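Student: Have a look at this one before I ask anything.
Bear in mind that the values in this text are calculations on the coordinates, not laboratory data. Please read these numbers as outputs of a predicted model, since none were measured by experiment. Cβ placement follows ideal geometry from the backbone for every residue including glycine, while neighbour counts extend to all protein chains displayed.
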Amino acid sequence: MVNIQNALLWGYLLVSIVIVPGIITGLIRKVKARLQNRIGAPVWQPLLDLIKLFRKEETLSETASWLFRFSSALNLSIAVYLAITSPWISPRPDTGACDLFLFLYLFAAMRLFTMLGAMDTGSPFGPFAASREATLSFMVEPAAILSLASLALVARSSDLTVVFSNYTSQHWALWVLSGSAFLLASLVELSRMPIDDPTTHLELTMVHEAMILEASGKNLALVEFANALKLSILFGISAQCFLHAIPGLMVNASPTIHGIAGLTGLSLVAGSVGIFESLSVKLNWRAAPEFIAYSLAVALIATLAALGADFV
Amino acid sequence: MNLPLAQIPLLLIALVAILMVGSTHLRLNIWLFSAQALLVTMATALSAVQHSDSHLYIIAALLFVLKVLAVPKFFMYIIEKVEVQRDTGTVVRAPVAMLLSIAFLWLSYILARQLPVPSGDTIGWPGATAAISLLCTGLLLMLTRRIALSQIIGFLVMENGIYIFGLTQTNGMPMFIEMGILLDVLAGVMLAGLIAFRIKKNFEHIDVTMLTELKENL
């Protein structure tokens, strides 16, 4: 019985890793399209795009070394590893520990290899975007760490699996604060809307898109999938934070309810990100630190609340 | 955090003040001030229920009418008249000032824990935390903003802080003193609004950093 349940949980996790990233990206695009009075592509369109990209021929820059293709493959493996170990979706099989610093710095490693791959091709836009990405990442690091560390402080463990297995919603205010801080930080981390518009192709301003300009065919499919997976993990973590804040929802609930709640929460977060992206305008590059300061402010309040909860 | 009911409005008051420091939209600031005044009213009403004190009910009603409705309404009217939308701020940018005000919140928490409070008093330390941090953030608002209106809002935030301190540490001052203070605040806001009109009329802006500039065609 335990074995069957475990196998089912593993099956659920693996199927989610393959399908959910595409659906979530498609959902954000759909919401944005509806708000612009367009019908928009169906939500599973990114999955079809991936299949199409895998069938396409690949063009490689002549100056690119082995590092270029290696970095996209490595990024995808890191993303899949994080998707298996981190609690971005519920219910999960027992996959061992997932330290929060390992979690955040593996994302940093992904970023490092994306940047290396971007600088490897000899395109002038790659290094441009890589320097922007590096600037953003070191500015957003304190906010991302503090929001998760405040949760770890209360749970007295830096293992995210332990942190997220406490469903008592005793510290609901802290969960809401950390969830919002982490969501704001992940918008920067993914270089999404207020920092950079992922749908425009203006090389002088774009961050993530300019780094993957040289990728094509199967390579582009790997990059796109790794990025969509990263997006689902980051949004999934903040969705789980919000779910933990609802009293009595997840305590002693069956795995089915956990699954439905997790997927609904993730879709709601993705939908609200879509709405937010439609309503906001891309910030001036010099205003980006101000936006990050807001996320840092929320994270700091969460840390204070965690310290206070420790004292009281 | 099993927060007792009476603590929630007090802590939210401090958070709303931090949000006010973080935003430069005048209208949003006024909405936030109105929300803060509503939370002050709720804290007063909760205290009134706790002590079954009829004076506090009257003060809560007055607070609601004056600070939640009348003062924000008057501010909106001034904004319509003098045609300003945002405050560009001086020296310190809004998000940085927001981080500063969070540091103040932390400091006031430490200070508030030093205060001697009777055991079993649940609103002593959150009240003192909110009050001290409101004093600091109000001062920060007054120091870092250019537009005269934001400075009046900063003053009102400080006034809220002093009121919260009185409410939570001494169970409120006598009703007539409280009413006198409210009347003073109303008169002060009216006067400050009139002065803002005059500044606008004479200088064609209400930027307090440029008041020393001479004008040619008076």
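Student: Scan chain A and hand back the longest stretch that contains none of the GluC sites (Glu not before Pro) lying in DSSP loops with at most 12 other Cβ atoms within 10 Å.
Tutor: Result for the longest clean stretch: A:63-312.
Student: Please give the length that would be gained between A:Asn3 and A:Leu279 if that part of the chain were fully extended, namely 0.36 nm times their separation in residues minus their C-alpha to C-alpha distance (nm, one decimal).
Tutor: Here the segment from A:Asn3 to A:Leu279 would lengthen by 94.6 nm.
Student: Where q = 0.07, 0.13 Å⁻¹, what log10 of I(q)/I(0) comes from the Debye formula for the protein assembly as shown, counting one point per Cα?
Tutor: -0.48, -1.26
Student: Mind checking the full-extension length gain between A:Leu14 and A:Ser77? Use 0.36 nm per residue of separation minus the Cα-Cα distance, one decimal, nm.
Tutor: 21.3 nm
Student: Under 10 Å, Cα contacts only: if you run a Gaussian network model on chain A, which one of A:Leu204, A:Leu148, A:Leu74 comes out with the highest mean-square fluctuation?
Tutor: Residue with maximal mean-square fluctuation among A:Leu204, A:Leu148, A:Leu74: A:Leu204.
Student: Let me ask you something else. Top mean-square fluctuation among B:Leu149, B:Leu135, B:Leu191, Gaussian network model of chain B, C-alpha springs under 10 Å?
Tutor: With Cα springs under 10 Å in chain B, the top fluctuation among B:Leu149, B:Leu135, B:Leu191 is at B:Leu191.
Student: What helices does chain B have that are whole DSSP H segments, at least 20 Å long along their own axis by Cα, and with mean Kyte-Doolittle hydropathy of 1.6 or more?
Tutor: B:7-22
Student: Normalise the Cα radius of gyration of chain A by 2.2 N^0.38 Å (N = residues in it) and let me know the number.
Tutor: Expressed relative to 2.2 N^0.38 Å, the Cα Rg reads 0.99.
Student: Also, I was wondering about something else. Work out, step by step, the length gained on full extension between B:Leu107 and B:Leu69: first 0.36 nm times the residue separation, then minus their alpha carbon distance; give nm to one decimal.
Tutor: Result for the pair: 10.5 nm of gain on full extension.
Student: Just the number, please: Stokes-Einstein D of segment B:126-218 in µm²/s, Kirkwood Rh from C-alpha pairs, 10 °C, 1.306 mPa s.
Tutor: Here the translational diffusion coefficient equals 107 µm²/s.
Student: Something else about it: Given the options A:Ala288, A:Ala144, A:Ala299, which has the most mean-square fluctuation in a GNM of chain A, springs set between C-alpha atoms less than 10 angstrom apart?
Tutor: Of the options given, A:Ala288 has the highest mean-square fluctuation.
Student: How long are the semi-axes of the equivalent ellipsoid of segment A:121-209, taking √(5λ) for every eigenvalue λ of the Cα gyration tensor, in whole Å from largest down?
Tutor: Equivalent ellipsoid of segment A:121-209: 34, 13, 9 Å, largest first.
Student: Follow-up question, since we're still on this one. Summarise the long-distance tail of P(r) for chain B by giving the % of C-alpha pairs beyond 30 Å.
Tutor: It works out to 24 percent of all Cα pairs.
Student: Once whole DSSP H runs in chain A are found, which of them have Cα atoms spread over 15 Å or more along the helix axis and a mean Kyte-Doolittle score of at least 1.6?
Tutor: A:100-120
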